[in-house]
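Each remark here refers to the structure printed beneath this line.
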Amino acid sequence: MYHIIGGDGQEYGPVSADQIRQWIAEGRLSAQSQIREETSTEWRELTSLPEFAGARPVAAPPRTPAPLGAAPYAGGVASEAEAKSRVSGPAVGLLVTGILSLLMSVGSLVMHLTVVLGFRTAQIIPSPDPQFQQIFTMLNALNGPLGLVSDVFSLTMGTLITLGAVKMKNLQSYTFAYTISILAMIPCLSPCCLLGLPFGIWALVVLNKPEIKAQFS
């Protein structure tokens, strides 16, 4: 088994010798393509290996070898349309997570604003202990401002997850899509972390596929 550096600069493998001969025949690999055996860490030119020295493309190869990411390999994605199909599921899941997070954050923001503006106060639990009553009153007074800070943070996270999901669905900004997939999985960063965890894991599994990454702009 072998590993290959494609024309897109990505590493592919492990793949069999027969698969490599097929890529040579299709003109997707050239004599200068880098290859290494699975048991080795040394990269060499393709034709330096005796088993591929006589392999030739069926037709004249293009001036620049076509990137492996543009066609199927070992069951990979063959086109941009197929890549979009693969990322669509987790992207929609993260989009729902982001939108729900925004709605929950807006509702919480309205509630805390009423406390800060004096339209609503939390019920103070009567206590025979004056010291306990004083601490509870102080915490109640801080509830509004601290809640607002938390709401603003949640709104920011919900917005980022929503935008990242849209970009992922359109195969845009791989780094952004990868980052929001991780953020959606972290408890307390997203109000909908129970949704974000499975969808974030799904998104990372798909995004870690080399043939998917190659299709992002």
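For segment 27-47, enumerate the residues that are in contact with a Pro (Cβ under 7 Å, 6 or more places away or on another chain) and modelled with pLDDT under 80. Within segment 27-47, G27, R28, L29, S30 meet the criteria.
Residues in segment 14-34 that are surrounded by fewer than 19 Cβ atoms within 10 Å (Cβ to Cβ) and in contact with a His (Cβ under 8 Å, 6 or more places away or on another chain): P14 only. Residues that are without any contact (Cβ under 8 Å) to a residue 12 or more places away in the chain and not in a strand (DSSP E or B) were ranked within segment 10-52; the one that is farthest from N208 (Cα to Cα) is P50. Answer yes if at least one residue in segment 137-153 is within 12 Å of the chain's Cα centre (by Cα) and at pLDDT 80 or above, and no otherwise. No; the residues of segment 137-153 include none that is within 12 Å of the chain's Cα centre (by Cα) and at pLDDT 80 or above. Please go through segment 75-106 and pick out each residue that is surrounded by fewer than 12 Cβ atoms within 10 Å (Cβ to Cβ) and either at pLDDT below 70 or not polar (S, T, N, Q) (or both). Once the filter is applied, which keeps residues that are surrounded by fewer than 12 Cβ atoms within 10 Å (Cβ to Cβ) and either at pLDDT below 70 or not polar (S, T, N, Q) (or both), segment 75-106 yields G75, A81. Pick from segment 108-125 the residues that are out of contact with any Asp or Glu (no Cβ under 9 Å at 6 or more places or on another chain) and of a type in the set (G, A, S): which of them is modelled with the lowest pLDDT? Per the stated criteria, the residue is A122.
The values are calculated or read from the model by the stated rules, or taken from the named source; none is laboratory data. Given the structure is predicted, the values throughout are model-derived calculations rather than measurements. Every residue, glycine among them, receives a Cβ derived from its backbone with ideal geometry; neighbour counts consider all protein chains shown.
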